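The values are calculated or read from the model by the stated rules, or taken from the named source; none is laboratory data. In this text, all values refer to a predicted model and were calculated from it rather than measured experimentally. As a convention, Cβ positions derive from the backbone with ideal geometry for all residues, glycine included, and neighbour counts pool all protein chains shown. In case anyone asks, the SASA skips ligands and DNA or RNA and just uses the protein heavy atoms, side chains included. Shrake-Rupley method; radii C 1.70, N 1.55, O 1.52, S 1.80 Å.
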Amino acid sequence: MNISQPALTHSIKELESSLNTKLFNRFKSGVTLTKSGEILFQYASSIFNDLGSAIHMIQDENNSKVKIYIGATTTNFLEPIKENLENLKNKYPNVEIDISLESIEILDNRRKLGKLDILIKNDYELMDNMEIVNSFEIRDSFIASSKHFPLLNSKVFSLEELLNNYPFVLLSNITHGRRNFDNYLKQHNIEFTPNYEFNSYSLCKELIRMGFGIGIGNPIHYESGYFTIIKTDFSLPVRSFDICYNKSSKSEALDYFINSLRK
């Protein structure tokens, strides 16, 4: 919040004093909202939603250009909306498109400022004032360098064969795909530590291409001669995603885009 704890405490006490009521129940372990606090929170949330929408509309009016803000929490966001995005640009060539790949918390702050119209998120992530337009699923595959692991294209592998005989390059467990894989291993009582582990998707992809090890990811991102999609006798569980829109956002171009996403 870019504010010190004492200053925040002082502001809360001033607010409680002006309203002549307690907004928080304070305990050693933390705080909870009182009934009055819950009422204020509900109305304040609505006010901030409306404020964000007003800022968005004023900026569009002053710029004399329509701008659509798209936010995503997953690197898999583009493929499901690519055709819709291209059709939008063809029909409304003057519309500006702003795309952000950020955490759900940062994107929620953008929403409050009126800078989030479309959200593509993991299905377990939540955000107020967003309505689901469509959903999609991805099933990850095992990926390897076609140059450095040519034999991986010659047969169907079991999970044990891959884990026991090859090095692995994986994204860290801050990502949905990695957590999905870890949960799958846990369900099968398998303990496993990859040889390389990074937060960067582009770095992992490059190291897989260079033959540092096998990776896991959306096959769409590896459709080139550099990579082999490994055939297996098992399937990883699917990952689910939602495409949402901000119910406070309004524009003709946005309505067109939302309707195309529904179809």
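Counting only GluC sites (Glu not before Pro) that sit in a DSSP loop (anything but H, G, I, E, B) with at most 13 other Cβ atoms within 10 Å, what is the longest stretch of the chain containing none of them?
Values: sites that count: E191, E223.
Excluding the exposed sites themselves, the longest stretch runs over 1-190.
In deg cm²/dmol, rounded to 500, what helix-only [θ] at 222 nm does the chain give when every DSSP H run of at least 4 residues adds -39500 (n - 2.57) and the total is split over its residues?
Details: 8 runs with 106 residues, N = 263.
Value at 222 nm, helices only: -13000 deg cm²/dmol.
Using a Gaussian network for the chain with springs between C-alpha atoms less than 10 Å apart, which of these wobbles most: I143, I220, I39?
I39
(1) 53, 23, 14; (2) 42, 27, 15; (3) 26, 22, 18: which one is semi-axes √(5λ) of the Cα gyration tensor in Å as calculated from this entry?
Working out semi-axes √(5λ) of the Cα gyration tensor in Å from the coordinates points to (2).
Given the C-alpha centroids of region 62-120 and region 191-263, what is the distance between them in whole angstrom?
Result: 18 Å between the Cα centres.
What is the sum of charges, Lys and Arg at +1 and Asp and Glu at -1, for the other residues whose Cβ falls under 14 Å from the Cβ of L207? Mind showing how you got there, number by number?
Details: positive: K147, K205, R209; negative: E197, E206.
Net of charged neighbours comes to +1.
Could you identify which residue out of N199, N129, N25 has the top mean-square fluctuation in a GNM of the chain using Cα springs shorter than 10 Å?
N25
Count the DSSP beta bridges whose two residues both fall in the chain, then state the antiparallel fraction as a percent rounded to the nearest 5. Intermediate values should be presented prior to the final figure.
Working: 24 of 38 bridges.
Roughly 65 percent of the beta bridges in the chain run antiparallel, per DSSP.
Using a probe radius of 1.4 Å on heavy atoms only, what accessible surface per residue do you get for the chain? Whole Å² is fine.
On the way: 15570 Å² over 263 residues.
Ligands and nucleic acids excluded, the figure is 59 Å² per residue.
How large is the accessible surface of H188 in square angstrom, using a 1.4 angstrom probe and rounding to the nearest 10?
100 Å²
Roughly how many nanometres apart are two label points built 7 Å out from the Cα toward the Cβ at K231 and K250?
Going from the K231 label point to the K250 one covers 5.7 nm.
Within the chain, what whole-number % of the accessible surface is contributed by carbon and sulfur, with the 1.4 Å probe and all protein chains included in the calculation?
Details: 7980 of 15570 Å².
Of the solvent-accessible surface of the chain, carbon and sulfur hold 51 percent.
For the pair K13 and L185, how long in nm is the line joining their label points, each one 7 Å along Cα→Cβ?
So the label points at K13 and L185 sit 5.0 nm apart.
When Lys and Arg each count +1 and Asp and Glu each count -1, what net charge do the other residues less than 9 Å away from H221, Cβ to Cβ, add up to? Walk me through the numbers on the way to the answer.
Numbers: positive: K205; negative: E79, E223.
With Lys, Arg at +1 and Asp, Glu at -1, the net is -1.
Do the alpha carbons of any pairs in K82/K147; K82/K250; K13/K247 sit beyond 24 Å of each other, and which pairs? List each step's numbers first, then the result.
Values: K82/K147 30 Å; K82/K250 21 Å; K13/K247 33 Å.
K82/K147; K13/K247, as the Cα separations exceed 24 Å there.
Pick from A44, A144, A72: which residue has the top mean-square fluctuation in a GNM of the chain where Cα pairs under 10 Å get a spring?
A44
Antiparallel DSSP bridges in region 63-207: what percent, to the nearest 5? Kindly include the intermediate steps, with their values, before the conclusion.
Values: 0 of 12 bridges.
Counting DSSP beta bridges with both partners in region 63-207, the antiparallel share is about 0 percent.
Taking amide hydrogens as modeled 1.01 Å from N in the peptide plane, which residues meet the under 5 Å criterion relative to F227, leaving out close sequence neighbours?
S146
Once you put a point 7 Å from the Cα of S36 and another 7 Å from the Cα of I106, both along the Cβ direction, what distance in nm separates them?
Label at S36, label at I106, 3.8 nm between them.
Among T21, T193, T34, what's the order by accessible area (1.4 angstrom probe), most exposed first?
Largest accessible area first, the list is T193, T21, T34.
Once you sort the root eigenvalues of the Cα gyration tensor of region 150-246 as a ≥ b ≥ c, which label holds: rounded (a/c under 1.5), prolate (a/b larger than b/c) or oblate (the other case)?
Numbers: a/c = 1.44, a/b = 1.21, b/c = 1.19.
Rounded.
If we count every other residue with Cβ under 12 angstrom of V156's Cβ, Lys/Arg +1 and Asp/Glu -1, where does the sum land?
0
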